[in-house]
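This report concerns only the one structure given below.
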Amino acid sequence: MQMSVCIESRMPFLASTSGIRQNRVHHKSPCLGTHTPTSSSKVTSLRLNTRNARLSVVNFATRSSGAATCASTAGGLGMVAAGANIPHPDKVKTGGEDALMITDSRSGRQSAAVADGVSSWSKRGVDAGAYSSVLVTAAREFLMSLSADKEEDGLGDRVAQNAIGRAHEAAKVPGSATFVVASLQHSTAVLDVANVGDSGIRVVREGAVVLATTQKQHQFEMPYQLACTAFADVKDQFDSAADAECLSFTVQEGDWIVLASDGLYDNMYDEELVQILSGSSEPDPFTAAQAIAREVARRANEHSRDQKWATPYAAALAAEKEEKAQFKKPSWMKRSAPTGGKLDDITVVIAKVVALGENTSAVDAAGQAAEEWAEKFKAITEKAVAANAVNAAKQQLLRDTIAARERDFQESLKQ
């Protein structure tokens, strides 16, 4: 991730909507629950597709009241998920600045998240990946603590947004990050999504994208991001869970859910992502999810290194240059077919929606892998928190020393 001062500088792409078909989804205003259309059962949204410079019309149908019928009677619908991470070539030794988490099915829901840390914090001597690790660790602990009935927890349809809020409050270390969280309740088959910034989610069904988040930004190359404002220079230019894009969507058995950092979405069009998902013939859900996650990350990484590959990043960059008219316009060929990947950390979570009662072994295998990811980022979190505590103690000692010297100086003046 690239950033100037405290605000990250990255390409702010809107979600590619080509191939998105009618789907059941509720759009929710931040902190205000769902927004339900009053005049029609459908909401038509015009969304600018900067990746191929055309307007796409997306029809969103309101969620069916009979959503629970999608869930299996033997435990409902759950996710069998696997993650993959490939760091930026220059950050291989440190492991990069992205983080992910996946929960198991014990609480009556399963969740996943991806956080993308902002690299420019490293210029201040800060581990830029620590903040994203703290976010995913805190969000996982919160989500694992919830009951099966989200109404009992008083969260309504805002489980994912609340997870972002709780994680943001808990992340008392220097840094900033974009953050996307998705939580699937088994009994209703409702996927609750919240996204801050330009990480994001896709849901793919029968070869088509049926749900896609947009990448939120303040302006060009300035996506929304969370930060611990105690360490920020410009406190009012960071965001919170209240700024998240919130969606609620009814999934079906066989759907694929993809969460990823912008390292994926900058380097791979949705069409290629769908092609990879649709090409899997592996019958075991966990084996399939694991293989797909690795292949998606590998291909995105390959594209990021290829300056002749047509990427969403190249298309958006060309469009911005032409719009700003502050650069010399490239040739007609380059404007019509821009190429070039963007080197970045690439983190992906791939999840298949399954009937829990029929996929016990896959669910167990996914749960074990999720614990391994959790331990990795928990270790980074504990190290970051401890280091911050030491730094805070040193800062307090310095303040006390300065204050003591000032008192001694004032006393000397009185003599």
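The values are calculated or read from the model by the stated rules, or taken from the named source; none is laboratory data. Owing to the predicted nature of the structure, the values given are computational and were not obtained by experimental measurement. Don't worry about glycine lacking a Cβ; one is built from the backbone with ideal geometry, like all the others, and counts go over all protein chains shown. With ligands, DNA and RNA removed, areas are computed over all heavy atoms of the protein, side chains included. Shrake-Rupley method; radii C 1.70, N 1.55, O 1.52, S 1.80 Å.
Within the range 296-317, restricting attention to residues that are open to solvent by 50 Å² or more (accessible area, probe 1.4 Å) and not in a loop (DSSP other than H, G, I, E, B), the residue that is farthest from P89 (Cα to Cα) is R299.
For the range 245-261, does any single residue satisfy the condition of being closer than 25 Å to D90 by Cβ, under 17 Å from the mean Cα position of the chain (by Cα) and either open to solvent by 20 Å² or more (accessible area, probe 1.4 Å) or not hydrophobic (A, V, I, L, M, F, W, C) (or both)? The answer is yes, given that some residue of the range 245-261 is closer than 25 Å to D90 by Cβ, under 17 Å from the mean Cα position of the chain (by Cα) and either open to solvent by 20 Å² or more (accessible area, probe 1.4 Å) or not hydrophobic (A, V, I, L, M, F, W, C) (or both). Every listed requirement among (1) farther than 28 Å from T339 by Cβ; (2) in a loop (DSSP other than H, G, I, E, B) is met by C246 save one, (2). Among the candidates Q225, Q217, the residue that is open to solvent by 10 Å² or more (accessible area, probe 1.4 Å) and either more than 24 Å from I380 (Cα to Cα) or not β-branched (V, I, T) (or both) is uniquely Q217. Among residues of the range 110-124 that are in a strand (DSSP E or B), those with a Cβ under 8 angstrom from a residue that is at pLDDT below 85 and open to solvent by less than 10 Å² (accessible area, probe 1.4 Å), sequence gap 6+ or separate chain, pair up as D116/M1; G117/M1. Note on the range 340-373: residues that are open to solvent by less than 20 Å² (accessible area, probe 1.4 Å) and of a type in the set (S, T, Y) total 1.
Within the range 185-214, the only residue that satisfies the criterion of being within 18 Å of Y313 (Cβ to Cβ) and touching a Leu at 6+ places or on another chain (Cβ under 6 Å) is T214. Each residue in the range 158-193 was checked for being among the small types (G, A, S), open to solvent by less than 20 Å² (accessible area, probe 1.4 Å) and closer than 14 Å to R109 by Cβ, and 5 pass.
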